[in-house]
Each structure stands twice: as C-alpha cells, then as structure tokens.
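Where a number appears in this text, it was derived from the coordinates with a stated rule and is not lab data. Bear in mind the structure is a predicted one, so any value in this text is a computation, not a measurement. Positions of Cβ are backbone-derived with ideal geometry, glycine not excepted, and every protein chain shown enters the neighbour counts.
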C-alpha cells in the first residue's frame with residue numbers, strides 16, 4: 001500500500017502585536033460577560049499604550065546612541081582642525 005503524501009504545513013505568518021491583541025479580544029468576548037468585558041478591553045488598551053511608548057523610547061535611545069557616536073567622531077576632528085564646520089554639515093545631515 002503506497003504511503004499518502006502529506007502536504008507540509010506552511011509556517012504561520014508573524015502577527016503584529018495589535019493583531020494578537022485583537023484576536024485575543026475576539027476570543028475572550030465569547031466567554032466573558034459583557035459587563036465584565038470592559039475590564040478586559042481597558043487592560044488591552046493599557047498594554048497597547050505601554051507597547052507603543054516602549055517602542056518610541058527604544059527609537060529615541062537608538063537615535064541618542066547614533067548622535068553620540070557622531071559627536072565623538074566629529075568633535076575631535078573639528079577641535080584639531082582636521083575638519084572645518086561647513087564640511088561637517090554633510091555627515092550630520094546623513095546621520096539624521
């Protein structure tokens with residue numbers, strides 16, 4: 001008897017944080033009373049707020065590190081005359 005070929009399962013696409021929250025809210029809505037569901041929604045909204053704030057903070061930290069590295073590179077060159085202020089404009093614009 002020949003063996004049946006089984007199709008390989010396709011990997012699940014990566015869901016965004018927002019999509020995961022939405023799917024969870026949909027699942028809970030069926031099992032939670034409507035008067036209690038508001039607490040679930042408030043918690044999910046809070047988690048979304050914290051997630052967005054965290055991502056924004058991470059972006060600011062990364063930008064701060066890149067600007068610090070640029071400062072540490074350009075400042076000694078400007079100080080010792082290896083680079084003139086008008087010439088430093090292009091690397092700064094590229095970094096931003």
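Couple of notes before you dig in:
- Any hit, region 29-50, residues being under 30 Å from residue 94 (Cα atoms), surrounded by 10 or more Cβ atoms within 10 Å (Cβ to Cβ) and out of contact with any helix residue (DSSP H, G or I) (no Cβ under 6 Å at 6 or more places or on another chain): no
- Residue that is surrounded by the fewest Cβ atoms within 10 Å (Cβ to Cβ) [pool: residues in region 68-89 that are touching a helix residue (DSSP H, G or I) at 6+ places or on another chain (Cβ under 7 Å) and not in a loop (DSSP other than H, G, I, E, B)]: 85
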